[in-house]
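Student: Right, I'll just put the structure down here and ask away after.
FYI, it's all coordinate maths here, none of it is from the lab. If you're wondering where the values come from, they're calculated on a predicted model, not measured in any experiment. Cβ atoms come from the backbone with ideal geometry, glycine included; neighbour counts cover every protein chain shown.
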Amino acid sequence: MSADTILRTDGLTCDFGALRAVNHVSLDVKGGTLHSVIGPNGSGKTTLFNLICGEVRPSAGRVYFEGREVTGRAPHDLPHLGLARCFQRTNVFPKLSVYENVWAAVFARRTPGVLGCVRRAGEFSDVDADARRVLADVGLAARSEARAETLSHGQQRALEVAVALASSPRLLLLDEPTQGLAPEATVQMTKLVQSLVGRYTILLIEHKMRIVMSISDRISVMAFGEVIAEGTPDEVRDNRDVQRAYLGARR
Ligand SMILES: Nc1ncnc2c1ncn2[C@@H]1O[C@H](COP(=O)(O)OP(=O)(O)O)[C@@H](O)[C@H]1O
Ligand SMILES: [Mg+2]
């Protein structure tokens, strides 16, 4: 593993009964990069994220984050380790305001467990400052006081990214953040992801080829649970196995 690797998976494998959803996947994600995972529906991308995040136990293989093995760690440990994930579905508290959603996430990150009870009031000002900074980062500062349920679909996605950023992650996992969004909201979300590049290391699952090609540093292509190609956008675009997987010739 080279020094600038932040996440590494080694032979990660996941069987669901007779179905091998993820087959011997070894990824090497470099710090500061946007690394995308693409592949046809059902190729194992979300399961790969579930394995990395401890939602699903691998049948074989290991996960290393910042050089430390984290295989099988409980999902709720991840923010404290420096890893945050956005789910494919929207996942915010609808009745709370935009600000409260992010404030709660910042607070939870900084104050694990019962220690929260003994904080002094003055310390809350840092939580407030962090929450406002994150809201500005995702372009929601003007909607801070709105109830989350009143946001548009695209803004709710942005809020979910804000909740993930609230834990100051050193690695952010995004699973199809543009899925189901209208064209205009897709453009907004793509810009948001692009604006985070450099400040955060991002592992992105994205189905839309055009987006992936324009924003990624590296791309891993999955088909039938395996990584069939990996490289820069240009390398991947020219790869015949990738073209075949996308044209459906292997199905
Ligand atoms: N919890 C599960 N139990 C059984 N099969 C699953 C489960 N999760 C995913 N699968 C199967 O694993 C394969 C990969 O799914 P998934 O990782 O969701 O693919 P992708 O995200 O690339 O569309 C699919 O065939 C899917 O039906
Ligand atoms: Mg998926």
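Student: Output the direction-averaged projected area (hull surface divided by four) of the convex hull of the alpha-carbon atoms of the chain, in nm².
Tutor: 14.4
Student: Please give the length that would be gained between Arg199 and Ala129 if that part of the chain were fully extended, namely 0.36 nm times their separation in residues minus their C-alpha to C-alpha distance (nm, one decimal).
Tutor: 23.4 nm
Student: Still on this structure: How far, in nm, would the chain grow between Thr5 and Lys95 when pulled straight, counting 0.36 nm per residue and subtracting the alpha carbon separation?
Tutor: Contour length minus Cα-Cα distance gives 28.4 nm.
Student: Given the peptides 69-75, 189-195, arrange them by the average over their residues of other C-beta atoms within 10 Å, most packed first.
Tutor: 189-195, 69-75
Student: Taking amide H atoms as placed 1.01 Å from N in the peptide plane, list the residues 5 or more away in sequence, or in a different chain, whose amide H sits under 5 Å from that of Met222.
Tutor: Amide H to amide H, under 5 Å and 5 or more residues apart or across chains, Met222 pairs with Ile38, Gly39, Ile228.
Student: About its Cα centre, how strong a charge dipole does the chain have in debye, to the nearest 20, once Lys and Arg get +1 and Asp and Glu get -1 at the Cβ?
Tutor: 260
Student: Ok, one more. Decide, for the range 157-213, between rounded, prolate and oblate: order the square roots of the alpha carbon gyration tensor eigenvalues as a ≥ b ≥ c, take rounded if a/c falls under 1.5, and otherwise choose prolate if a/b is larger than b/c, else oblate.
Tutor: Prolate, because a/c is 1.5 or more and a/b exceeds b/c.
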